[in-house]
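Peer 1: This structure is in structure tokens; I'll ask about it shortly.
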Amino acid sequence: MYPHERSLVARMKDKPFTILGVNSDPAVRYKKAIKENNITWPSFWDGGKTGGPIATEWAVRGWPTIYILDAKGVIRYKNARGKAMDEAVDALLKEMEAE
């Protein structure tokens with residue numbers, strides 16, 4: 001998953017786009033994952049448990065959960081991965097450009 005996210009960040013570097021990660025792993029594992037997977041986008045630590053405050057607020061039930069939000073902060077896609085993630089992001093950017 002991380003290689004695809006890295007390529008998406010690179011492809012969208014000049015666009016109004018960001019990836020924001022939330023990790024529920026224990027702190028040591030979280031820090032190791034950030035370093036080993038070259039995660040350069042913002043990533044929050046959710047307290048080291050699956051019932052952390054962010055996961056609770058967003059009703060996350062499985063990991064990883066992927067939400068793709070539009071420019072207004074509305075969840076438009078859930079759990080889109082790979083090509084579907086690219087298509088979702090491209091569609092939302094196209095909508096923004098049309099406005």
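Peer 1: Is it the case that some residue within region 39-46 is closer than 22 Å to K13 by Cβ, surrounded by 13 or more Cβ atoms within 10 Å (Cβ to Cβ), free of Cβ contacts under 8 Å to residues at least 24 places away in the same chain and of a type in the set (S, T, N, Q)?
Peer 2: Yes, the conditions are met somewhere in region 39-46.
Peer 1: Quick check on region 75-94: of everything there that is assigned to a helix (DSSP H, G or I) and under 12 Å from the mean Cα position of the chain (by Cα), which residue is nearest to D25 (Cα to Cα)?
Peer 2: M85
Here is a yes/no grid of residues against (1) hydroxyl-bearing (S, T, Y); (2) under 15 Å from E5 (Cβ atoms); (3) over 13 Å from the mean Cα position of the chain (by Cα):
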residue: N23; (1), (2), (3): no, yes, no
residue: I34; (1), (2), (3): no, yes, yes
residue: T40; (1), (2), (3): yes, yes, no
residue: D46; (1), (2), (3): no, no, yes
residue: A59; (1), (2), (3): no, no, yes
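Peer 1: Looking only at region 1-44, count every residue that is in a helix (DSSP H, G or I) and among the charged types (D, E, K, R) and tell me the total. Full working, then the answer.
Peer 2: The initial filter retains those residues of region 1-44 that are in a helix (DSSP H, G or I), namely 2-11, 27-36.
Next cut, among the charged types (D, E, K, R) only: 5-6, 11, 29, 31-32, 35-36.
Count: 8.
Peer 1: If you don't mind, another one. Just one of (1) without any contact (Cβ under 8 Å) to a residue 40 or more places away in the chain; (2) farther than 14 Å from E5 by Cα; (3) assigned to a helix (DSSP H, G or I) trips up K72, so point out which.
Peer 2: Going through (1) without any contact (Cβ under 8 Å) to a residue 40 or more places away in the chain; (2) farther than 14 Å from E5 by Cα; (3) assigned to a helix (DSSP H, G or I) one by one, K72 breaks only (3).
Peer 1: Of the conditions (1) under 20 Å from L93 (Cα atoms); (2) modelled with pLDDT of 95 or more, D46 fails just one. Which one is it?
Peer 2: Of (1) under 20 Å from L93 (Cα atoms); (2) modelled with pLDDT of 95 or more, only one is false for D46: (1).
Peer 1: Any residue in region 53-73 that is at positive phi and modelled with pLDDT under 95?
Peer 2: Yes, region 53-73 has at least one match.
Peer 1: From the residues in region 1-38 that are hydrophobic (A, V, I, L, M, F, W, C), farther than 21 Å from K94 by Cα and surrounded by 11 or more Cβ atoms within 10 Å (Cβ to Cβ), which one is modelled with the lowest pLDDT?
Peer 2: M1
Peer 1: Which condition from (1) more than 19 Å from R6 (Cα to Cα); (2) touching a residue at least 12 places away in the same chain (Cβ under 8 Å); (3) among the charged types (D, E, K, R) is the one that R81 breaks?
Peer 2: Of the numbered conditions (1) more than 19 Å from R6 (Cα to Cα); (2) touching a residue at least 12 places away in the same chain (Cβ under 8 Å); (3) among the charged types (D, E, K, R), the odd one out for R81 is (1).
The values are calculated or read from the model by the stated rules, or taken from the named source; none is laboratory data. Predicted model only: the values in this text are computed from it and were never measured. Every residue, glycine as well, gets a Cβ built from its backbone with ideal geometry; the counts of neighbours run over all protein chains shown.
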